[in-house]
Amino acid sequence: MSDKARTELLGKRLGGVLGMFQSLLADEMTLSISRLTDKDSRAQTNLSLWALRAAIPDAKDVEFEKNVNGALDQIIKDAASIRKHRHKRLAHYDLAVSLSAEILPVVTFNDIRGVLEKIEALLNLFYWEFENTTMFFDTLPATDLTGKMEATAYKAHAYDLLEAEGIVPKMEWRRRVKM
């Protein structure tokens, strides 16, 4: 949704469905970030960034361990509002939040993206330390997930333009689709 014109066109054609998809995606990213930053409880070990840090063998390179600790500390700091959002809205129905007596911190797309980029950088510290390479994480274009939906919205837009120009008779689509 970084392109305003694209967002407006999709919003106009998809209505509330687009907002629902955006909300679900934001919730899923919030949950994923929170899970990755959850510390272990007494009863359960989590697959988390903390577990990754704990798996560092006695580092030959003290600088590596220092960099990992610094990166993890920054991720935890930057993820604080995301984690609070998860605790009070997604994981539990916090009473004060549910009754609008307490306002949740605002979590923006840029907040989520920033934490994800820091997690990628942390993982690349490990890739570099143990494999002498880095990973390019931005390999799945959004259109791989939303391509058909976007094409349908663009087709609807083109159809409306053709109908407005009189090229296609008004409501022709109803005659062609059996409902």
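The values are calculated or read from the model by the stated rules, or taken from the named source; none is laboratory data. Keep in mind the model is a prediction, meaning the values are calculated, not measured. Ideal geometry is used to build each Cβ from the backbone, glycine not excepted, and the neighbour counts take in all protein chains shown. Side chains included, ligands, DNA and RNA excluded: accessible areas come from the protein's heavy atoms. Shrake-Rupley method; radii C 1.70, N 1.55, O 1.52, S 1.80 Å.
Things worth noting here:
- Qualifying residue in the stretch 111-119 (condition: open to solvent by 60 Å² or more (accessible area, probe 1.4 Å), part of a helix (DSSP H, G or I) and over 26 Å from Arg53 (Cβ atoms)): no
- Any pair with Cβ under 6 angstrom, 6 or more apart, that starts in the stretch 32-45 at a residue that is at negative phi and ends at one that is at pLDDT below 90: Asp38/Asn46; Asp40/Asn46
- Conditions (1) open to solvent by 70 Å² or more (accessible area, probe 1.4 Å); (2) at pLDDT 90 or above; number of the one not met by Arg42: (2)
- Being closer than 30 Å to Thr134 by Cβ and modelled with pLDDT of 95 or more holds for only one residue in Asp73, Asp61, and it is Asp73.
- Candidates Thr30, Thr37 - the one that is crowded, with 17+ Cβ neighbours inside 10 Å, within 28 Å of Leu145 (Cβ to Cβ) and in contact with a Phe, Trp or Tyr (Cβ under 8 Å, 6 or more places away or on another chain): Thr37
- In the stretch 77-87, the residues that are crowded, with 16+ Cβ neighbours inside 10 Å and farther than 15 Å from Ala26 by Cα: Asp78
- Within this structure, Val68 fails the test of being farther than 30 Å from His157 by Cα, open to solvent by 50 Å² or more (accessible area, probe 1.4 Å) and of a type in the set (Val, Ile, Thr).
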